[in-house]
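Structure record follows, encoded as structure tokens.
The values are calculated or read from the model by the stated rules, or taken from the named source; none is laboratory data. As the structure is a prediction and not an experimental result, all values here were calculated from the model. We place every Cβ from the backbone using ideal geometry, glycine too, and count neighbours over all the protein chains shown.
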Amino acid sequence: MKVYVFKSLPQALWGYTRDIRALWALEECEISYETIGLDCGPNGLQDLAGYGKINPFKQVPAIDDDGYILTESGAILLYLAEKSGKLIPRDPKGRAQVYRWLITALSNIEPFALPVFFADLMGDSNPHMKGLRPWNAEILGRFLPQIDERLAAQSFAIGDDFTVADIMLVCVLRELRKTQILRAYPDIERYRERCEGRPAFVKTLNAYEDRLGVERGSAR
Ligand SMILES: N[C@@H](CCC(=O)N[C@@H](CS)C(=O)NCC(=O)O)C(=O)O
């Protein structure tokens with residue numbers, strides 16, 4: 001399996017990029033893979049002639065499973081879980097819970113978490129994003145307390161077992177890791193720690209930092 005990832009990135013983006021999702025899932029599913037590293041230029045990946053054949057939007061991650069090309073981190077996680085038979089229950093009701101929480105992360109949390117991250121990144125240079133930050137934070141306040149409560153009662157998003165929904169949820173929550181927002185949710189923070197302590201995550205992040213040529217711990 002080939003996986004398209006970043007091999008260079010501006011410092012502000014270390015540890016935030018979505019290639020981590022695919023790499024973490026590949027490690028958890030014990031699928032062997034090789035990485036194809038792309039350089040993030042001033043226009044992201046948009047100037048990379050040829051990469052549009054892999055991903056029409058010229059974004060990472062993308063995988064190439066023996067000629068079968070797939071993009072979109074959510075689709076990739078579900079494909080890897082289904083292909084390996086790991087990180088997803090067998091029964092339709094259990095599987096639907098994985099879809100539910102993976103989609104919750106992508107459609108309820110990420111659309112508000114990412115603008116908070118960008119507002120902090122851009123600061124006064126983007127007054128529009130800065131002005132919307134309180135509104136985005138307020139919307140997150142509709143979802144995070146319920147997720148915190150859920151994680152006080154169970155170890156992972158769908159129950160006792162770690163699934164690809166946790167990879168997505170943790171990676172989306174990581175977009176807020178340097179803000180104060182998560183401090184109000186101790187069970188979310190304990191959950192994130194639990195998931196990020198998994199050997200597959202540690203291995204993924206170490207290799208990610210090595211690939212970028214940055215110090216260990218700098219993408220945490
Ligand atoms: N919805 C896509 C978003 C992918 C995405 O935005 N990738 C970013 C990195 S995190 C990227 O490749 N940016 C470079 C660019 O857009 O040129 C997914 O979840 O896979």
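List of remarks:
- Among residues of segment 43-65 that are assigned by TED's automatic domain parsing to the domain that holds Ile76, those with a Cβ under 7 angstrom from a residue that is near the ligand (Cβ under 6 Å from one of its atoms) and assigned to a helix (DSSP H, G or I), sequence gap 6+ or separate chain, pair up as Pro61/Ser73.
- Of all residues in segment 53-68, those satisfying the criterion of being of a type outside the set (D, E, K, R) and away from the ligand (no atom under 11 Å from the Cβ) are Ile54, Pro56, Gly67, Tyr68.
- Matching residues, segment 42-68, being surrounded by 12 or more Cβ atoms within 10 Å (Cβ to Cβ) and part of a helix (DSSP H, G or I): Tyr51, Gly52
- Of the residues making up segment 46-67, those that are acidic (Asp, Glu) and over 21 Å from the mean Cα position of the chain (by Cα) are Asp47, Asp66.
- Figure legend. Inter-residue proximity from segment 7-28: first residues within 9 Å of Cys171 (Cα to Cα), second residues in a helix (DSSP H, G or I) and not hydrophobic (A, V, I, L, M, F, W, C), beta-carbon distance below 6 Å, spacing 6+ or different chains. Indicated pairs: Arg18/Ser73; Arg21/Ser73.
- Among the criteria (1) within 20 Å of the chain's Cα centre (by Cα); (2) near the ligand (Cβ under 8 Å from one of its atoms), the one Asn43 does not fulfil is (1).
- Under the condition of being within 14 Å of the ligand (Cβ to nearest atom) and either farther than 16 Å from Ile69 by Cβ or surrounded by fewer than 18 Cβ atoms within 10 Å (Cβ to Cβ) (or both), the residues counted in segment 19-40 number 9.
- Scanning segment 180-195 for residues that are surrounded by fewer than 18 Cβ atoms within 10 Å (Cβ to Cβ) and either aromatic (Phe, Trp, Tyr) or in a helix (DSSP H, G or I) (or both) gives Arg183, Ala184, Pro186, Asp187, Glu189, Arg190, Glu193, Arg194.
- Residue in segment 158-176 that is surrounded by 13 or more Cβ atoms within 10 Å (Cβ to Cβ) and more than 25 Å from Leu78 (Cβ to Cβ) present: no
- Scanning segment 15-41 for residues that are over 24 Å from Glu215 (Cβ atoms) and in a loop (DSSP other than H, G, I, E, B) yields a count of 5.
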